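K.L.:
One structure is given below, represented as structure tokens, and several questions about it will come after.
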Amino acid sequence: MFRCIICLKDLPDEMASQEHIFPKALGGTQVIREVCQACNSHLGRFVEEPLINNWLMQAKRMLLRLPGKSGCVPNPLERGVLVDEPEVKVRYEFGADEKAKRLYVIPQVKKETVDGEERIRIILNKSDENKLPEILERIATRYVAKTGKSCTLNQISRREVIVEHPQIKQDVCFNLWDWQRGILKIAYELAYKELGTRYLDDPAAAKVRAMLQKEDVSREEATRVGIRGEIRLLGQEKPRLFVVDNPDWLVGGLIVSSNAIFDYINLLIPLRVAWC
Ligand SMILES: [Zn+2]
């Protein structure tokens, strides 16, 4: 039997799992076994993914060649739009040597109504031109299934664009709040690893646990329950380290003061967080 540190259920050993304190996709190697499989997959989906898959983390994972679950190393630079044709979405494909290999137009089907007539605009890479009949057939079948009406597709126009020196634009947008629960999870598990089961009875631990069990938590909700913390980019100060995963990438530490526990987590970026 073991007690899951997230749902606090006492469960048979077969339901335990390998929970990486720092996510595996960030190069984390420290594991705890006291998280049940259901809680492990919940944490993976709702708590760790927003932390791992934001632009900055992906960029760093690319530099460190850290693959995700699919085995692929992410490349946040590969998708964008053409500067001169912003509705054309493109993918920059990189070879194994990390050199740009080719620029590929991502197929897109757009519906629009012009003078009461439904029109469909299809944007394709030149090399995908032979797929056009198949795409049209799929659109027609879907239309008939949805409306019960028959349909005839007439080609109105075709435009071929050759871009000599394509310039790609990429919007980078991330929200630090998306990361905070991921960081809080690491802090909670580090505290458990260092302090043992007595930490689970701590009222602050109960608050953190409640936040980790939800699918989504707003910043206001976190403030209301009294979870405090901050994320600082590029901080220089070194915490006292109790747990070191890979000192160049991932560092976790705890400082216990009279009535509070402070967690320091230094992730790849570097990004330093203090929770108490
Ligand atoms: Zn559980």
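K.L.:
Treating only the Cβ of Lys, Arg, Asp and Glu as charged (+1, +1, -1, -1), what charge dipole size does the chain show about its Cα centre? Round to the nearest 20 debye.
P.N.:
100 debye
K.L.:
Please list the three semi-axes, largest first and in whole Å, of the ellipsoid equivalent to the stretch 19-94, using sqrt of 5 times the eigenvalues of its alpha carbon gyration tensor.
P.N.:
31, 14, 9
K.L.:
Still on this structure: Using the Karplus curve 6.51 cos²θ - 1.76 cosθ + 1.60 with θ = phi - 60°, what ³J(HN,Hα) values do you get for each residue of the stretch 131-147, in whole Hz, with x for Gly and Pro?
P.N.:
For the stretch 131-147, the Karplus curve yields 7, 4, x, 5, 5, 4, 5, 5, 5, 5, 4, 5, 5, 5, 5, 7, 9 Hz.
K.L.:
Arrange the following residues from fewest to most other Cβ atoms within 10 Å of their Cβ: M211, M15, M1.
P.N.:
M1, M15, M211
K.L.:
Filter the cross-link list K69/K89; K110/K149; K101/K185; K60/K185 down to pairs whose alpha-carbon distance in this structure exceeds 31 Å.
P.N.:
Correct reply: K101/K185.
K.L.:
Which value, in debye to the nearest 20, describes the size of the charge dipole of the stretch 104-169 about its Cα centre when Lys and Arg Cβ atoms bear +1, Asp and Glu Cβ atoms bear -1, and nothing else is charged? The partial results should precede the final answer.
P.N.:
Working: 13 positive and 10 negative charges, 48 e Å.
Taking the Cα centre of the stretch 104-169 as origin, the dipole is about 240 debye.
K.L.:
Separate question: Quick check: residue separation of S157 and L132 times 0.36 nm, minus the Cα distance between them. What number comes out in nm?
P.N.:
Result for the pair: 7.6 nm of gain on full extension.
K.L.:
Please express the Cα-Cα pair-distance distribution P(r) of the stretch 104-169 as a list of whole percents, one per 5 Å bin, running from 0 to the bin with the greatest distance.
P.N.:
3, 12, 23, 24, 16, 11, 6, 3, 1, 0
K.L.:
Starting from the amide H of R79, placed 1.01 Å from N in the peptide plane, find each other amide H under 5 Å away whose residue is 5 or more places distant or on another chain.
P.N.:
Y92
K.L.:
Report relative contact order for the stretch 104-169 in percent, whole number only (criteria: Cα-Cα under 8 Å, sequence separation at least 6).
P.N.:
RCO, the stretch 104-169: 19 percent.
K.L.:
Using a Förster distance of 51 angstrom, determine the FRET efficiency expected from the C-beta separation of T29 and D115, and round it to 0.05.
P.N.:
Details: r = 62 Å, r/R0 = 1.22.
With a Förster radius of 51 Å, E is 0.25.
K.L.:
Cut-off under 15 Å on the C-alpha distance; same-chain residues fewer than 8 positions from K193 excluded. Which aspartates and glutamates are left, in chain and number order?
P.N.:
Here the aspartates and glutamates satisfying the reach criterion relative to K193 are E19, E34, D201, D202, D245, D263.
K.L.:
At a 10 Å Cβ-Cβ cut-off, how would you order R65, R3, fewest neighbours first? Mind dumping the intermediate values first?
P.N.:
Values: R65 9, R3 13.
With the sparsest Cβ surroundings first, the list reads R65, R3.
K.L.:
How high is the relative contact order of the chain, in percent, counting Cα pairs under 8 Å that sit 6 or more residues apart?
P.N.:
Working: 390 pairs, mean separation 43.7, N = 276.
Taking the mean separation of contacting Cα pairs over the length of the chain, I get 16 percent.
K.L.:
Order the peptides 114-122, 246-254 from the highest to the lowest mean number of other Cβ atoms within 10 Å of their residues.
P.N.:
Ranked from most to least packed, the peptides come out as 246-254, 114-122.
K.L.:
Let me ask another. Please compute P(r) over all alpha-carbon pairs of the chain, binned at 5 Å starting from zero, and give each bin as a whole-number percent.
P.N.:
Calculated over all Cα pairs of the chain, the distribution is 1, 5, 10, 12, 13, 11, 9, 8, 8, 8, 6, 5, 3, 1, 0, 0 percent.
K.L.:
Be a star and scan the stretch 53-88 for residues whose amide nitrogen sits under 14 Å from the point 7 Å along the Cα-to-Cβ vector of I168.
P.N.:
Only 59, 74-84, 88 pass the distance filter.
Here, each number is a calculation from the coordinates, and none is a lab measurement. Keep in mind it's a predicted model, so treat the numbers as computed, not measured. So basically every Cβ, Gly included, is an ideal-geometry build from the backbone, and we count neighbours across all protein chains shown.
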